[in-house]
Structures are given as C-alpha cells and as structure tokens.
Amino acid sequence: MSLKANKEYKIRFSCIGFKDFDTIIILSSLQNKEIDIVLEQSSQTLDAVEVKGDYSREDGVTRISTEWAKNTAGPTGGVENVIKSTEGVSSNNELSSQYSVRGGNFDENLVYVNDIEIYRPLLIRNGQQEGLSFINTDMIGDIQFSSGGFDAKYGDKMSSVLDIKYKKPTEFNGNASIGLLGGSLHIEGLIGSRFTYQLGYRNKTNKYLLNSLETSGDYNSNFNDLQTYLTYDINEKTELAFLGNISDNRYNFIPQTRETQFGNVYQTLNLKIYFDGEEVDRFTSYFGALMLNHKLRKDLQLKFIASAFSTNEKETYDIQGQYWLYETGGLGSEEEFDRGIGTYLEHARNNLQATIFNIEHKGYKYYDNGLLSWGLKYQREQIDDWIREWKMVDSSDYTIPSIPDNIGIYDGPNSPLLQDCYRSDNTISSNRLTAYAQRQITLEKQAGTYFFNLGVRAQYWSFNNEVFPSPRASMSYKPNINKDILFRFATGIYAQFPFYREYRNEQGDINQDIKSQKSWHFVLSSDWNFKMLDRNFKFITSAYYKYLWDIIPYRIDNVRLRYSALNNATGYAAGLDMKLFGEFIRGIDSWVTVSLMKTEQDIEGDNKGFLPRPTDQLFNASVSFQDYLPNMPWMRVYLNFNYGSGYPYYPPNTDIVLRMSHYLRADIAFTFRIKDEEASWAKNNFMRFAKKIWVNLEWLNVFNTKNVISYMYVQDFAGASYSVPNYLTPTRLNAKLTIEF
C-alpha cells in the first residue's frame, strides 16, 4: 500500500484469539518498509453471544437510530422529538413531548421502557409546565415504534406503541452536557464481570424559551430527573435488574403584561392585559422496578417484573388579569376604538396523588418456525384527587357573579356565579388483571415467505367489573422475486380501559358505569427496500381505517384533555401514510413523511351528526434530514421540519366548528466536533481525558412562524365574543456543549 511521506500512521494488527498489536510508522519519500510481527495468544474468554432475528419489519414496527434521538433539533429534544416526524404522527406544540397518532389523542399512546409501562403526570395543562419525559436518551439501546395494528403483547391503548430498551454496558463510558436549556450527566460501566450500571441525571429549564412569549413576566422553571438501570448476572441463565427514577418538576410564574394583535387587514384588534398574582406548581414522581430474567432452557425464557409508580401533583394559582380590547381603523389607520374593558380572576387549588403497583410475568417459547409468548399482569391503583378550580369574569355591561355577597360560592355545575368551575374530592381504589398470548409463525413457500402473528389479550377491571377480549392478527408476505418488498395486513380490536381522567367529568363527578373505549384497526402496508443513485432507500406506505365505538368525547385545552366521562360517541379515523427513508446524503440516513387523515365522531343525542374530532388533521408533512460537508467531516447538520393543517376548535356557546391556523416549524442543529478519539494534538494535554468534545448550535423556529396552540375568549361592550390566539415560541438560538469520556 502507498502512504503519504513524513506523516505518522498508527497500524493495528488483530486476529481472533490473539492480542492486538499496535505500531507507529513514519516514512520518508520513496521509502519502502516491511513489518514482521508475531501476535501473542490471548487467554481472554469471550462473553456468550445470543443471536436473535429482527422481525420489526414483519411486525410493522419502525426501528429508530439512537444517534438521531441524541442529536435531533428542537426545544424538547430526545426520542419524542424524533417520533413526531414519523409517519402517522403529528404535533402542534414544540413545548410538549406529547403527540397524536392517526387521529388519537395524547392518552392513547403506550410507552414502555424495558417492558414496563410508563405513566405521565395527570394535572399538567400546558406545555410550559411539562418537564422532562421519562426516557433518558443517553441510556437507550434500542427504539421501536408502531403507529397502529400492533401485536397482542402490547397493552390496552388505541393508537400507538413506543418500545424502549435500555442498554447493558460493556465498558466504562460517560458524557456531560450543558446548554441554555439545561444540562445532563451520564455514566455507565461494569464492576467485575457480572454487574453493570447506568446512572443519568438531567436538568431542564425553559425560562429562556418562555421569556420570548407574548405574556411577559417572571418565569422560574426547574425540572430535574435522576435515573438508574442496574443489572446483575446471578449465573449464566439468570439476570436480576433494577430500574429506578426520581423526577421533581417545579414551575413558578408571576405574569406581568400581555399584548396580542389579531384579526385581518380590514379589522385589526389588540388585547392588552395587566396581571397580578402568581402560579406555583410542583409535580414529583417516584418509580422503581425489579426484573428477574431466567432462561429455563435454551428455548424457554421466563421474566418476572414488580414495579411501583407514585406521583404527587400540586397546582396552585391566583391570577387576576385586567384587560383592554380595542380596534384600529384598518390598514394604514392610526385610529383606535375601545371595544371592551374588563377583569377576570383565575383560581386553582389542585392536588392529585396516585400510586400504581404492578406484578407481571412474561414468557417466551422458541420454535424452529417462530415464537410463542404470553403474559399475565396484576395492577393496583390508588388515586386521591382534590380539585378546586374556577374563573370569575367582570366586565362592562355584564358581571359574573351577578348575585351580591356570593363571590366564590360554588352552586353546582351550572352555577351563575363562576365560569369554568371544576370541583372534585375523590378517592378511587381499583384492581386490573390483564393476560395475553400470541404465536408468531414463519412459513417458507416457493412463492415467498409468510409471517403470521395471531394473538389475543383480555383485561378485567374491578371498578366496573368489565371484561373485554381483544383478538389481533397480522400477516406479512415477502414474495420470492428480485425485489426486496414486503406486504402486511393487520387487524384487531383495541380496548382502552379508562384511567382516572377519562371517567371524571369537568365538574369532578365520577361515572361509575364507564366502559372501555374500543377501536377496530384495519391496516394494509408495504415496505420496499431498493437502490437509488447507488444508495440504500426504503419506501413505506400504509393505508388504514379505524372504527371507534364507546368513545368518550373530550376537548383539548393546550395539552390537557377535558373528558365528558360518557361513552356516548362512535367515530372513525381513516388515512394514508407514506415515508421515504434512506441515504439522501451518502452514508447517513434521513427521511420524509407525508400523511393524509380524517377522523370524525357522532355524539349521541346532540343531533349534529358526524363532526371532526379535536385531533382531525387533513394533511401533515415532516422532514428529518442530516448532512455534512465532504471537506469538513467534523461538522454535521440536523434539520427537523414539520407542516400540519389546523386542528378544529369549538368556540364556547356556539355550534360552529372553526380551524386553527396551520402549524409550520423548522429547527436546525449544527454539530461541531472539536475533538475525537483520533485527535493526536490532544493526547498530551488536559483534553486527553475526553474521548469526544462537540458543540451544538440550534436555530429554533427558523421561519419565526407564529403558531397557535389555543385560544382565550373575551367579550366586548356589545356582548360579542372574540377568540384571542395564544401563540407558541418565536425564533430562538440555543447552544450546548457535550463532553464524552
């Protein structure tokens, strides 16, 4: 081989069963050099390797790179930020990690970490309050996502599954990062040959982002998370593992003023609000799980899980707003006309405590042609809920309350004294029992290969004594042709047994006769791997129809869902998802998704027929793209782009359906690698302790789009109501430094 003259080269010789041998050479011009080496035998014993087939493609599951989750651009970052750009997924709030899948709401998405279902806080009502999601990106080993038609082994939700597996370290590693939106620290490694550990701490603050909102004030948010994953190999067949998490999220807000301009060129309105008061929120949760894996035989694996989750959520605020609504004279005019003056007072003393215990068993029996798996789970829930929330409005020509000396007195759900009055004092204890079994079968025929997955799951809930079975089936077919294409059809019934918020109505009353919401999925998809421009690409297409019954109607208030607690609606969701994935730039993957979707519901007794559900979105397109400069490999660019048509909303006291403006957002991250493991200049200074050092510069909301998340409503002197948009964050720059050691 030919090398450049007068340059240092490090050459490594390696062979299985022998120790590696490294040597450094520097050759002068036209010099030839022959290297003779003798490798020493190695007595190191290699760990056993278990080889398993990857059936994610046949199961209709998308596997996501962990590198994308670590480097994706956006205010929330992490896995959820990548999920939002996956086919069938939409989101209109960059401050939240929540997402909607094929017409479902936020509560219809399953999240698992190492086979354990993860819960999120219940009282959070806007993206500003939302802290860190449970998933720690630094600890992830595998990410799988299904947007519908998933297997019976996954739980009782109607829309999607995010299945996360934390990694088992093989050597010591760590990283630390700090930026304008917080920081993190992560270490992992082995102690001896049997014990592995991961420890991760994260801190997040969105004060920098919130200071850009139209409502000015003192934002003080501090979100902290400490997480650990430990494993111990008792012997070759048995492993004991522990997963633990402590999360403490605090949000304090003292608003001062707000000024919002809305309308059009013919009628421009301005709203000015002067605030008094404060909001103080705290959401604290604890989670722990103990897992025992045992290989009874080579073809039989048993798993036992015991877990507990506890959350204590407090939301308190007294905020008074004195507003002035006025109209300008139109385009080019400096005239102003008063339209309304008033005061409103918002009050809350909300406290929710919930404890959930689980004991679970899973089993896996391997056959030559597939897998038999089963599971049994017992869950105990204890929920204590105390809600006191109301709003009082006082304005010219109308006053609420209208009865003297009765301010603040609750007089039933239809009280004329207060608006938006929510009251509850509930203690709920219940038990759930869940079981499932499924069989995967692979058949190879002359025409192609068939993959069958047949399963059923059932759940019993002591709260209403409901038992409901959910059969599910899928078939994938890979024809024996010269194209790498796979077709899949999946169908099944998905019953979502209510959690607490779904059977408590807006007045705080509990529906003792609530039933599970149900949907029947039909999904037809194709998965085609092909070469284009001498690069690898994949094109995925999915058409789906979901029939919904026993649906509980709800409305969306920012990220909080307000349920009616009645199973009095039927509906449907239908759509088409397309995704092109591959090497748009040689050697690195990117993707583009396009989705069309329609979802409607018919509420019994309202005589309005089918109307759009709150998550109805006709069109959604996303781009996740990465690039690098050929002559500057130390710099890489990550782009997240999302466009979605507007969600419907229903102004109060009207029968009309309106649409929010479209959601358009682009975030770009520039990654500059300062040092890597091959940097010779850093071997003799303090940087030798770091494997990699890089800086991320993010340009958030590149187009400075004024996206709308919700509306507030004010009235003028004549009693006319106006929808005032609540805008999300404008363009911002963010910086983060990461050191890997």
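List the GluC sites (Glu not before Pro) in region 210-297 that DSSP assigns to loop (not H, G, I, E or B) and whose Cβ has at most 12 other Cβ atoms within 10 Å. Which are they? Working shown, then result.
Working: sites: GLU214, GLU236, GLU239, GLU259, GLU278, GLU279; in loops: GLU214, GLU236.
Those satisfying the criteria are GLU236.
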Counting sequence-distant residues (5 or more places) and residues on other chains, those with an amide H built under 5 Å from that of GLY508 are ARG423
Accessible area per residue, 1.4 Å probe, Å², for the chain: what's the number? 47
Phi-based couplings in Hz for region 94-108 (Karplus 6.51, -1.76, 1.60; Gly and Pro marked x): 6, 7, 10, 8, 7, 8, 10, 10, 6, x, x, 9, 5, 7, 9
Let me spell out the model: positive unit charges on the Cβ of Lys and Arg, negative unit charges on the Cβ of Asp and Glu, origin at the Cα centre of the chain. What dipole size does that give, in debye rounded to 20? 2760
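Using a Förster distance of 35 Å, how high is the FRET efficiency between TYR450 and TRP549, based on the Cβ-Cβ distance and rounded to 0.05?
So, using R0 = 35 Å, E works out to roughly 0.65.
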Compactness of region 128-261 as Cα Rg over 2.2 N^0.38 Å, two decimals: 1.39
Sorted by packing (mean other beta-carbon atoms within 10 Å per residue), highest first, where do 153-160, 97-104, 729-736 land? 97-104, 153-160, 729-736
Under a straight-distance cross-link criterion of Cα-Cα below 19 Å, which aspartates and glutamates are reachable from LYS692, leaving out those fewer than 8 residues away in the same chain? GLU67, ASP138, GLU171, GLU188, ASP676, GLU677, GLU678, GLU740
Cα-based shape type of region 560-682, given that a ≥ b ≥ c are square roots of the gyration tensor eigenvalues and the cut on a/c is 1.5: prolate
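Note down the net charge around ASN92, summing +1 for each Lys or Arg and -1 for each Asp or Glu among other residues with Cβ under 11 Å from its Cβ. Working shown, then result.
Working: positive: LYS84, ARG665; negative: GLU94.
So the surrounding residues net to +1.
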Dipole axis of region 484-578 (+1 Lys, Arg; -1 Asp, Glu on Cβ), positive-most option in ILE540, ASN529, GLN507: ASN529
Once you sort the root eigenvalues of the Cα gyration tensor of region 39-188 as a ≥ b ≥ c, which label holds: rounded (a/c under 1.5), prolate (a/b larger than b/c) or oblate (the other case)? oblate
Carbon and sulfur together cover what percent of the accessible area of the chain at a 1.4 Å probe radius? 55
So, by mean Cβ neighbours within 10 angstrom, what's the order for 625-638, 298-311, 338-351 with the highest one leading? 338-351, 298-311, 625-638
Run the reach check for LYS608 against lysines, Cα to Cα strictly under 24 Å, same-chain hits fewer than 8 apart removed. What comes back? LYS515, LYS518, LYS546, LYS598
Please state the relative contact order of region 544-698 as a whole percent: Cα pairs under 8 Å, 6+ residues apart? 14
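Quick check on my link table: of LYS362/LYS483; LYS272/LYS736; LYS272/LYS706; LYS365/LYS445, which ones sit more than 27 Å apart, alpha carbon to alpha carbon?
Going by Cα-Cα distance, LYS362/LYS483; LYS272/LYS736 fall outside the 27 Å limit.
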For LYS691, distant residues with modelled amide H under 5 Å away: GLU740, PHE741
For the charge dipole of region 163-225, defined by +1 on Lys and Arg C-beta atoms and -1 on Asp and Glu C-beta atoms about the Cα centroid, which residue among LEU213, SER184, ASN173 has the Cα displaced farthest towards the positive pole? ASN173
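Please give the charge dipole size of region 545-678, origin at the Cα centre, charges +1 on K and R Cβ atoms and -1 on D and E Cβ atoms. Round to the nearest 20 debye.
Details: 14 positive and 16 negative charges, 46 e Å.
Around 220 debye, computed over region 545-678.
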If I take every Cα pair under 8 Å that is 6 or more residues apart in the chain, average their sequence separation and divide by the length, what percent do I get for the relative contact order? 9
Across region 356-367, in residue order, what do the Karplus-derived ³J(HN,Hα) couplings come to in whole Hz, using 6.51 cos²θ - 1.76 cosθ + 1.60 with θ = phi - 60° and x for Gly and Pro? 10, 10, 9, 10, 9, 10, 10, x, 9, 10, 8, 10
Over region 225-302, consider all pairs of different Cα atoms and compute the Kirkwood hydrodynamic radius from their mean reciprocal separation; express it in Å, one decimal. 18.2
³J(HN,Hα) computed for each position of region 511-518 - Karplus, 6.51 cos²θ - 1.76 cosθ + 1.60, integer Hz, glycine/proline x: 8, 6, 9, 4, 10, 6, 7, 9
Taking N as its residue count, the alpha carbon Rg of the chain over 2.2 N^0.38 Å: 1.05
Region 559-611: trypsin sites (Lys or Arg not before Pro) falling in loop per DSSP and having at most 14 other Cβ within 10 Å: ARG586, LYS608
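The values are calculated or read from the model by the stated rules, or taken from the named source; none is laboratory data. Computed from a predicted model, the values in this text were never measured in an experiment. Every residue, glycine among them, receives a Cβ derived from its backbone with ideal geometry; neighbour counts consider all protein chains shown. For the accessible areas, the whole protein counts, side chains as well, though only heavy atoms, and no ligand, DNA or RNA atoms are used. Shrake-Rupley method; radii C 1.70, N 1.55, O 1.52, S 1.80 Å.
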